[in-house]
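The values are calculated or read from the model by the stated rules, or taken from the named source; none is laboratory data. It should be emphasised that the depicted structure is a prediction, and the values quoted were computed from it without experimental measurement. Virtual Cβ from ideal backbone geometry, glycine too; neighbours counted across all protein chains shown. To get the accessible areas, we keep the full protein, side chains included, count just its heavy atoms, and leave off ligands, DNA and RNA. Shrake-Rupley method; radii C 1.70, N 1.55, O 1.52, S 1.80 Å.
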Amino acid sequence: MQDTPKGSRLHIAIFGRRNAGKSSLINALTNQDIALVSDIPGTTTDPVYKAMEILPLGPVMMIDTAGIDDVGELGVLRIERTMQVLNKADLAVIVVDPDAGITEFELSLKDSIVKRNIPAVAVVNKIDRYQPEAGKISQWETQLELKLHPVSAYSKAGIEELKKLLIEKAPDDWEGTPVIGDLITGGDTIVLVVPIDTAAPKGRLILPQVQTIRDILDHDASCIVVKERELKDALSNLRHSPRMVVTDSQEFLKVAADTPDNILLTSFSILMARHKGDLETLVAGAKAIDKLQPGDKVLIAEGCTHHRQADDIGKVKIPRWLRQAVGGELHFDWVSGSHFPVDISQYSLIVHCGSCMLNRREMLYRLAAAREKGVPIVNYGVLIAKIHGILYRALGPFPLAQMILDE
(Lines give C-alpha, C1' and ligand atoms only; values in the text may rest on other atoms or scores of the structure.)
Protein backbone atom coordinates (compact mmCIF):
# COMPACT_ATOMS: atom_id res chain seq x y z
CA MET A 1 0.00 0.00 0.00
CA GLN A 2 2.76 2.47 0.96
CA ASP A 3 4.56 1.88 -2.36
CA THR A 4 1.56 2.63 -4.59
CA PRO A 5 2.48 5.83 -6.48
CA LYS A 6 0.66 9.01 -5.52
CA GLY A 7 -0.56 9.46 -9.08
CA SER A 8 -2.20 6.00 -9.04
CA ARG A 9 -4.35 6.67 -5.97
CA LEU A 10 -7.93 7.91 -5.73
CA HIS A 11 -7.62 11.44 -4.28
CA ILE A 12 -10.18 12.23 -1.54
CA ALA A 13 -10.04 15.84 -0.35
CA ILE A 14 -11.53 17.15 2.92
CA PHE A 15 -12.89 20.73 2.89
CA GLY A 16 -14.59 22.96 5.45
CA ARG A 17 -14.33 26.01 7.68
CA ARG A 18 -11.53 26.45 10.21
CA ASN A 19 -12.06 24.29 13.28
CA ALA A 20 -14.80 22.23 11.64
CA GLY A 21 -12.77 19.14 12.53
CA LYS A 22 -11.25 18.32 9.13
CA SER A 23 -7.90 17.19 10.54
CA SER A 24 -9.61 15.18 13.28
CA LEU A 25 -11.75 13.51 10.60
CA ILE A 26 -8.62 12.59 8.60
CA ASN A 27 -7.12 11.06 11.74
CA ALA A 28 -10.31 9.10 12.40
CA LEU A 29 -10.50 7.81 8.81
CA THR A 30 -6.84 6.77 8.76
CA ASN A 31 -6.83 5.56 12.37
CA GLN A 32 -3.59 7.52 12.82
CA ASP A 33 -2.58 10.89 14.27
CA ILE A 34 -1.19 12.17 10.99
CA ALA A 35 -2.82 15.61 10.96
CA LEU A 36 -2.05 18.25 13.60
CA VAL A 37 -5.19 18.92 15.67
CA SER A 38 -5.83 22.01 17.79
CA ASP A 39 -8.73 24.14 18.99
CA ILE A 40 -6.91 27.14 17.55
CA PRO A 41 -8.49 28.08 14.19
CA GLY A 42 -6.17 27.85 11.18
CA THR A 43 -3.89 25.08 12.49
CA THR A 44 -3.73 23.47 9.02
CA THR A 45 -1.94 25.95 6.77
CA ASP A 46 -1.08 23.85 3.71
CA PRO A 47 -2.66 20.77 2.14
CA VAL A 48 -1.52 17.61 3.95
CA TYR A 49 -1.44 14.30 2.04
CA LYS A 50 -1.82 10.89 3.67
CA ALA A 51 -1.74 7.57 1.89
CA MET A 52 -4.12 4.91 3.19
CA GLU A 53 -6.26 2.04 1.95
CA ILE A 54 -10.04 1.82 1.89
CA LEU A 55 -11.25 -1.57 0.77
CA PRO A 56 -12.52 -2.35 -1.81
CA LEU A 57 -11.34 0.94 -3.36
CA GLY A 58 -7.73 0.11 -2.60
CA PRO A 59 -4.98 2.72 -2.10
CA VAL A 60 -6.27 6.28 -1.75
CA MET A 61 -4.73 9.67 -1.01
CA MET A 62 -6.48 11.66 1.73
CA ILE A 63 -5.94 15.43 1.51
CA ASP A 64 -6.44 17.70 4.53
CA THR A 65 -6.87 21.38 3.61
CA ALA A 66 -6.79 24.80 5.25
CA GLY A 67 -10.10 26.38 6.23
CA ILE A 68 -12.17 27.92 3.46
CA ASP A 69 -12.89 30.87 5.79
CA ASP A 70 -9.26 31.70 6.60
CA VAL A 71 -8.51 35.37 7.17
CA GLY A 72 -5.71 37.85 6.64
CA GLU A 73 -3.13 38.15 3.88
CA LEU A 74 -1.74 34.67 4.52
CA GLY A 75 -5.27 33.33 4.85
CA VAL A 76 -6.06 34.39 1.30
CA LEU A 77 -3.04 32.43 0.06
CA ARG A 78 -4.09 29.40 2.11
CA ILE A 79 -7.59 29.51 0.63
CA GLU A 80 -6.07 29.67 -2.87
CA ARG A 81 -4.05 26.53 -2.15
CA THR A 82 -7.11 24.84 -0.73
CA MET A 83 -9.13 25.61 -3.85
CA GLN A 84 -6.29 24.37 -6.05
CA VAL A 85 -6.75 20.95 -4.43
CA LEU A 86 -10.08 20.76 -6.28
CA ASN A 87 -8.08 20.42 -9.50
CA LYS A 88 -6.83 17.01 -8.37
CA ALA A 89 -9.70 15.79 -6.16
CA ASP A 90 -11.55 12.71 -7.42
CA LEU A 91 -13.96 12.90 -4.48
CA ALA A 92 -14.72 15.82 -2.14
CA VAL A 93 -15.87 15.69 1.49
CA ILE A 94 -17.51 18.84 2.88
CA VAL A 95 -17.27 19.01 6.68
CA VAL A 96 -19.95 21.13 8.40
CA ASP A 97 -19.47 22.45 11.92
CA PRO A 98 -22.87 22.16 13.70
CA ASP A 99 -22.03 25.23 15.77
CA ALA A 100 -21.85 27.35 12.59
CA GLY A 101 -24.17 25.52 10.21
CA ILE A 102 -24.25 26.27 6.49
CA THR A 103 -22.71 29.59 5.56
CA GLU A 104 -21.66 31.36 2.37
CA PHE A 105 -18.35 29.50 2.57
CA GLU A 106 -19.91 26.04 2.28
CA LEU A 107 -22.28 27.20 -0.46
CA SER A 108 -19.46 28.74 -2.51
CA LEU A 109 -17.37 25.60 -2.03
CA LYS A 110 -20.26 23.43 -3.19
CA ASP A 111 -20.64 25.57 -6.33
CA SER A 112 -16.94 25.10 -7.12
CA ILE A 113 -17.25 21.34 -6.65
CA VAL A 114 -20.30 21.14 -8.91
CA LYS A 115 -18.58 23.28 -11.56
CA ARG A 116 -15.76 20.75 -11.71
CA ASN A 117 -18.15 17.79 -11.76
CA ILE A 118 -16.57 16.24 -8.65
CA PRO A 119 -18.72 13.78 -6.68
CA ALA A 120 -19.22 15.05 -3.13
CA VAL A 121 -20.12 13.77 0.33
CA ALA A 122 -21.22 16.08 3.16
CA VAL A 123 -20.88 15.35 6.87
CA VAL A 124 -21.88 17.22 10.01
CA ASN A 125 -19.07 16.70 12.53
CA LYS A 126 -18.78 16.88 16.35
CA ILE A 127 -22.11 15.16 17.07
CA ASP A 128 -20.59 13.94 20.36
CA ARG A 129 -20.58 17.58 21.59
CA TYR A 130 -23.23 19.41 19.59
CA GLN A 131 -26.76 18.30 18.89
CA PRO A 132 -28.41 20.54 16.26
CA GLU A 133 -31.95 21.60 16.94
CA ALA A 134 -34.75 19.54 15.41
CA GLY A 135 -35.10 20.29 11.73
CA LYS A 136 -31.74 22.06 11.49
CA ILE A 137 -30.01 19.25 9.59
CA SER A 138 -32.89 19.05 7.12
CA GLN A 139 -32.64 22.81 6.61
CA TRP A 140 -28.89 22.57 6.01
CA GLU A 141 -29.39 19.70 3.57
CA THR A 142 -31.83 21.86 1.59
CA GLN A 143 -29.35 24.74 1.49
CA LEU A 144 -26.42 22.53 0.49
CA GLU A 145 -28.46 20.22 -1.76
CA LEU A 146 -26.58 17.28 -0.26
CA LYS A 147 -27.50 14.74 2.38
CA LEU A 148 -25.61 15.36 5.63
CA HIS A 149 -24.17 12.34 7.41
CA PRO A 150 -23.58 12.76 11.17
CA VAL A 151 -20.11 11.79 12.42
CA SER A 152 -17.85 12.33 15.38
CA ALA A 153 -14.15 12.34 14.65
CA TYR A 154 -13.62 12.22 18.44
CA SER A 155 -15.76 9.20 19.34
CA LYS A 156 -15.51 7.59 15.86
CA ALA A 157 -19.30 7.50 15.59
CA GLY A 158 -20.34 7.24 11.94
CA ILE A 159 -16.77 6.80 10.66
CA GLU A 160 -17.27 3.29 9.29
CA GLU A 161 -20.51 4.41 7.63
CA LEU A 162 -18.59 7.32 6.09
CA LYS A 163 -16.00 4.94 4.66
CA LYS A 164 -18.78 2.92 3.03
CA LEU A 165 -20.23 6.14 1.61
CA LEU A 166 -16.85 7.11 0.14
CA ILE A 167 -16.70 3.73 -1.57
CA GLU A 168 -20.20 4.22 -2.94
CA LYS A 169 -19.56 7.75 -4.23
CA ALA A 170 -16.12 7.16 -5.76
CA PRO A 171 -16.24 7.67 -9.55
CA ASP A 172 -15.92 4.50 -11.61
CA ASP A 173 -13.64 6.06 -14.22
CA TRP A 174 -11.08 7.75 -11.99
CA GLU A 175 -8.27 5.43 -13.14
CA GLY A 176 -8.83 6.01 -16.86
CA THR A 177 -7.99 3.49 -19.54
CA PRO A 178 -5.42 0.76 -18.85
CA VAL A 179 -1.82 1.60 -19.63
CA ILE A 180 -1.66 -1.01 -22.39
CA GLY A 181 -3.99 -3.87 -21.42
CA ASP A 182 -6.85 -2.98 -23.77
CA LEU A 183 -4.45 -2.97 -26.73
CA ILE A 184 -3.31 -6.56 -26.29
CA THR A 185 -4.77 -10.02 -25.81
CA GLY A 186 -3.68 -12.99 -23.75
CA GLY A 187 -0.68 -14.74 -25.26
CA ASP A 188 0.70 -11.65 -27.01
CA THR A 189 4.36 -10.77 -26.70
CA ILE A 190 5.35 -7.14 -26.09
CA VAL A 191 8.94 -5.95 -26.40
CA LEU A 192 9.89 -3.05 -24.11
CA VAL A 193 12.96 -0.96 -24.95
CA VAL A 194 14.48 0.45 -21.77
CA PRO A 195 17.74 2.42 -22.12
CA ILE A 196 20.13 2.17 -19.20
CA ASP A 197 22.02 5.45 -19.28
CA THR A 198 23.07 8.15 -16.84
CA ALA A 199 19.44 9.34 -16.54
CA ALA A 200 18.18 5.88 -15.53
CA PRO A 201 17.69 5.49 -11.75
CA LYS A 202 20.25 3.15 -10.22
CA GLY A 203 18.94 -0.32 -9.45
CA ARG A 204 15.36 0.23 -10.64
CA LEU A 205 13.09 1.11 -13.54
CA ILE A 206 11.12 4.32 -13.87
CA LEU A 207 7.42 4.28 -13.02
CA PRO A 208 5.87 4.16 -16.54
CA GLN A 209 8.05 1.15 -17.38
CA VAL A 210 7.02 -0.68 -14.22
CA GLN A 211 3.33 0.12 -14.75
CA THR A 212 3.49 -1.12 -18.35
CA ILE A 213 5.10 -4.40 -17.31
CA ARG A 214 2.49 -4.95 -14.61
CA ASP A 215 -0.40 -4.19 -16.99
CA ILE A 216 0.99 -6.63 -19.57
CA LEU A 217 1.18 -9.37 -16.94
CA ASP A 218 -2.29 -8.52 -15.62
CA HIS A 219 -3.68 -9.15 -19.13
CA ASP A 220 -1.97 -12.54 -19.53
CA ALA A 221 0.57 -11.42 -22.10
CA SER A 222 4.36 -11.73 -22.05
CA CYS A 223 6.97 -9.02 -22.17
CA ILE A 224 10.63 -8.96 -23.12
CA VAL A 225 12.70 -6.08 -21.78
CA VAL A 226 15.81 -5.05 -23.72
CA LYS A 227 18.14 -2.12 -24.12
CA GLU A 228 18.03 -0.23 -27.39
CA ARG A 229 21.21 -1.91 -28.68
CA GLU A 230 19.72 -5.36 -28.14
CA LEU A 231 16.38 -4.81 -29.88
CA LYS A 232 17.36 -5.99 -33.37
CA ASP A 233 18.80 -9.29 -32.10
CA ALA A 234 15.85 -9.82 -29.76
CA LEU A 235 13.35 -9.45 -32.61
CA SER A 236 15.29 -11.83 -34.88
CA ASN A 237 15.45 -14.45 -32.12
CA LEU A 238 11.69 -14.52 -31.58
CA ARG A 239 9.79 -17.37 -33.27
CA HIS A 240 6.81 -15.08 -33.85
CA SER A 241 6.69 -11.32 -34.28
CA PRO A 242 5.66 -9.43 -31.13
CA ARG A 243 2.36 -7.62 -31.00
CA MET A 244 4.03 -4.32 -30.20
CA VAL A 245 7.31 -2.60 -29.37
CA VAL A 246 7.19 0.09 -26.68
CA THR A 247 10.23 2.31 -26.32
CA ASP A 248 11.58 5.17 -24.30
CA SER A 249 10.76 8.22 -26.43
CA GLN A 250 14.38 9.38 -26.59
CA GLU A 251 15.29 6.23 -28.54
CA PHE A 252 12.46 6.58 -31.07
CA LEU A 253 14.66 6.93 -34.16
CA LYS A 254 16.88 3.91 -33.52
CA VAL A 255 13.98 1.74 -32.37
CA ALA A 256 11.86 2.73 -35.39
CA ALA A 257 14.74 1.80 -37.70
CA ASP A 258 15.15 -1.63 -36.05
CA THR A 259 11.42 -2.47 -35.82
CA PRO A 260 9.78 -3.94 -38.96
CA ASP A 261 6.83 -1.97 -40.30
CA ASN A 262 4.40 -4.81 -39.60
CA ILE A 263 4.98 -4.48 -35.84
CA LEU A 264 3.13 -1.78 -33.90
CA LEU A 265 5.38 0.82 -32.32
CA THR A 266 4.76 3.41 -29.60
CA SER A 267 6.39 4.85 -26.48
CA PHE A 268 5.86 4.73 -22.73
CA SER A 269 5.11 8.46 -22.75
CA ILE A 270 2.39 8.09 -25.40
CA LEU A 271 0.84 5.24 -23.41
CA MET A 272 0.82 7.48 -20.32
CA ALA A 273 -0.69 10.34 -22.33
CA ARG A 274 -3.74 8.19 -22.98
CA HIS A 275 -3.81 6.55 -19.53
CA LYS A 276 -3.61 9.81 -17.58
CA GLY A 277 -5.33 12.25 -19.89
CA ASP A 278 -6.51 12.74 -23.45
CA LEU A 279 -4.19 11.55 -26.21
CA GLU A 280 -6.21 13.22 -28.96
CA THR A 281 -5.78 16.67 -27.38
CA LEU A 282 -2.03 16.15 -27.11
CA VAL A 283 -1.75 14.97 -30.72
CA ALA A 284 -3.68 18.05 -31.87
CA GLY A 285 -1.20 20.10 -29.86
CA ALA A 286 1.69 18.54 -31.78
CA LYS A 287 0.38 20.07 -34.99
CA ALA A 288 0.99 23.51 -33.47
CA ILE A 289 4.75 22.87 -33.50
CA ASP A 290 4.72 23.63 -37.21
CA LYS A 291 3.26 27.08 -36.47
CA LEU A 292 5.80 28.15 -33.85
CA GLN A 293 7.74 31.29 -34.68
CA PRO A 294 11.02 32.63 -33.27
CA GLY A 295 10.27 34.70 -30.19
CA ASP A 296 7.26 32.62 -29.11
CA LYS A 297 6.93 31.59 -25.45
CA VAL A 298 6.84 27.90 -24.51
CA LEU A 299 5.95 26.45 -21.10
CA ILE A 300 7.54 23.13 -20.10
CA ALA A 301 5.65 21.47 -17.22
CA GLU A 302 6.76 18.44 -15.24
CA GLY A 303 4.67 16.68 -12.62
CA CYS A 304 7.63 15.75 -10.43
CA THR A 305 10.77 17.39 -9.12
CA HIS A 306 13.93 15.45 -9.92
CA HIS A 307 17.66 15.96 -10.10
CA ARG A 308 18.40 17.25 -13.59
CA GLN A 309 21.13 15.58 -15.64
CA ALA A 310 23.57 17.47 -17.86
CA ASP A 311 21.48 16.70 -20.96
CA ASP A 312 18.07 16.77 -19.25
CA ILE A 313 15.11 16.01 -21.52
CA GLY A 314 12.92 18.90 -20.34
CA LYS A 315 15.58 21.51 -19.66
CA VAL A 316 17.99 20.86 -22.53
CA LYS A 317 16.92 18.43 -25.24
CA ILE A 318 13.35 19.55 -25.94
CA PRO A 319 14.28 23.26 -26.02
CA ARG A 320 17.12 22.42 -28.41
CA TRP A 321 14.87 20.40 -30.73
CA LEU A 322 12.21 23.12 -30.77
CA ARG A 323 14.76 25.85 -31.53
CA GLN A 324 16.04 23.75 -34.42
CA ALA A 325 12.48 23.19 -35.66
CA VAL A 326 11.65 26.92 -35.78
CA GLY A 327 15.10 28.04 -36.88
CA GLY A 328 15.44 30.64 -34.15
CA GLU A 329 15.26 31.49 -30.48
CA LEU A 330 12.26 30.67 -28.30
CA HIS A 331 11.50 31.84 -24.75
CA PHE A 332 11.02 29.00 -22.26
CA ASP A 333 9.50 28.86 -18.78
CA TRP A 334 9.62 25.76 -16.59
CA VAL A 335 7.32 24.60 -13.79
CA SER A 336 7.41 21.37 -11.81
CA GLY A 337 5.53 19.45 -9.15
CA SER A 338 2.00 20.55 -8.34
CA HIS A 339 2.53 24.10 -9.62
CA PHE A 340 0.74 24.99 -12.85
CA PRO A 341 0.32 28.66 -13.84
CA VAL A 342 -3.11 30.23 -13.68
CA ASP A 343 -2.30 32.54 -16.61
CA ILE A 344 -1.20 30.38 -19.54
CA SER A 345 -2.60 32.59 -22.29
CA GLN A 346 0.88 34.07 -22.90
CA TYR A 347 2.22 30.76 -24.24
CA SER A 348 2.17 29.55 -27.85
CA LEU A 349 2.73 25.94 -26.71
CA ILE A 350 2.73 23.90 -23.50
CA VAL A 351 4.96 20.82 -23.38
CA HIS A 352 4.03 18.44 -20.55
CA CYS A 353 5.81 15.40 -19.17
CA GLY A 354 4.23 11.95 -19.15
CA SER A 355 2.46 12.87 -15.87
CA CYS A 356 3.20 9.58 -14.13
CA MET A 357 3.34 11.40 -10.76
CA LEU A 358 0.06 13.26 -11.28
CA ASN A 359 -3.34 11.69 -10.87
CA ARG A 360 -5.65 11.62 -13.87
CA ARG A 361 -7.97 14.31 -12.49
CA GLU A 362 -5.14 16.84 -12.25
CA MET A 363 -3.86 16.06 -15.75
CA LEU A 364 -7.36 16.41 -17.19
CA TYR A 365 -7.67 19.77 -15.42
CA ARG A 366 -4.45 20.98 -17.05
CA LEU A 367 -5.62 19.82 -20.48
CA ALA A 368 -8.98 21.54 -19.98
CA ALA A 369 -7.27 24.76 -18.87
CA ALA A 370 -5.17 24.73 -22.05
CA ARG A 371 -8.21 24.11 -24.25
CA GLU A 372 -10.16 26.89 -22.53
CA LYS A 373 -7.37 29.40 -23.26
CA GLY A 374 -6.80 28.06 -26.77
CA VAL A 375 -3.19 27.11 -25.98
CA PRO A 376 -1.92 23.95 -27.74
CA ILE A 377 -0.53 21.35 -25.34
CA VAL A 378 1.60 18.31 -26.16
CA ASN A 379 3.50 15.78 -24.06
CA TYR A 380 7.12 14.67 -24.26
CA GLY A 381 6.55 11.42 -26.17
CA VAL A 382 4.19 12.93 -28.74
CA LEU A 383 6.52 15.91 -29.28
CA ILE A 384 9.63 13.75 -29.72
CA ALA A 385 7.89 11.52 -32.25
CA LYS A 386 6.68 14.63 -34.11
CA ILE A 387 10.11 16.28 -34.14
CA HIS A 388 11.70 13.08 -35.48
CA GLY A 389 9.06 12.64 -38.18
CA ILE A 390 7.63 9.35 -36.92
CA LEU A 391 4.52 10.49 -35.04
CA TYR A 392 2.08 8.81 -37.42
CA ARG A 393 3.81 5.47 -36.97
CA ALA A 394 4.09 5.94 -33.19
CA LEU A 395 0.30 6.35 -33.11
CA GLY A 396 -0.25 3.03 -34.91
CA PRO A 397 -2.03 1.47 -31.90
CA PHE A 398 -4.38 4.49 -31.76
CA PRO A 399 -6.29 4.97 -35.06
CA LEU A 400 -8.43 7.81 -33.68
CA ALA A 401 -5.33 9.79 -32.83
CA GLN A 402 -3.92 9.11 -36.29
CA MET A 403 -7.08 10.59 -37.79
CA ILE A 404 -6.28 13.91 -36.12
CA LEU A 405 -3.03 14.06 -38.07
CA ASP A 406 -4.95 13.30 -41.26
CA GLU A 407 -7.38 16.19 -40.75
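See the values below:
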{"quantity": "Loop-resident sites, segment 286-376, for GluC sites (Glu not before Pro), counting at most 16 other Cβ within 10 Å (DSSP)", "calculated": "E329"}
{"quantity": "Binned Cα-Cα distance frequencies in segment 256-299 - 5 Å width, integer %", "calculated": "5, 16, 17, 17, 19, 16, 6, 3, 0"}
{"quantity": "Segment 49-114 and segment 273-295: distance between their alpha carbon centers, rounded to Å", "calculated": "32"}
{"quantity": "Rounded accessible area of H339 (nearest 10 Å², 1.4 Å probe)", "calculated": "110"}
{"quantity": "Computed magnitude of the charge dipole of the chain (debye, nearest 20; Cβ of K, R +1, Cβ of D, E -1)", "calculated": "600"}
{"quantity": "Pairwise centroid distance, computed over Cα atoms, of segment 339-367 with segment 385-407, Å", "calculated": "21"}
{"quantity": "Extension gain, A134 back to A325 (0.36 nm per residue minus Cα-Cα distance, nm)", "calculated": "61.8 nm"}
{"quantity": "Subset of K254/K386; K202/K254; K110/K147; K22/K50; K291/K386 violating a 22 Å alpha-carbon distance limit", "calculated": "K202/K254"}
{"quantity": "Given 10 as the ceiling on other Cβ atoms within 10 Å, longest exposed-site-free region of the chain for trypsin sites (Lys or Arg not before Pro) in DSSP loops", "calculated": "1-201"}
{"quantity": "Extension gain from K147 to R371, taking 0.36 nm per residue of separation minus the Cα-Cα distance", "calculated": "77.2 nm"}
{"quantity": "Convex hull volume per residue for the chain, taking Cα atoms only, in Å³", "calculated": "155"}
{"quantity": "Two-decimal ratio, segment 61-124, of alpha-carbon radius of gyration to 2.2 N^0.38 Å", "calculated": "1.08"}
{"quantity": "Computed helical MRE - 222 nm, the chain, DSSP H runs ≥ 4 contributing -39500 (n - 2.57), nearest 500", "calculated": "-10000 deg cm²/dmol"}
{"quantity": "Candidates G396, G285, G187, ranked by Gaussian network fluctuation over the chain, Cα under 10 Å, top entry", "calculated": "G187"}
{"quantity": "Ellipsoid equivalent to segment 363-407 - semi-axes via the Cα gyration tensor, in Å", "calculated": "21, 12, 10"}
{"quantity": "Cα-Cα P(r), segment 60-198, percent of pairs per 5 Å interval", "calculated": "2, 8, 15, 17, 17, 12, 7, 5, 5, 5, 4, 2, 1, 0"}
{"quantity": "Rg/Rg_globular for segment 269-407, with Rg_globular taken as 2.2 N^0.38 Å and Rg from C-alpha atoms", "calculated": "0.97"}
{"quantity": "For the chain, share of DSSP beta bridges that run antiparallel, in % to the nearest 5", "calculated": "15"}
{"quantity": "Three semi-axes of the equivalent ellipsoid, segment 140-248, Cα gyration tensor, whole Å, largest first", "calculated": "47, 17, 12"}
{"quantity": "Extreme residue, positive dipole direction of the chain, given options I263, S152, H275 (C-beta unit charges)", "calculated": "I263"}
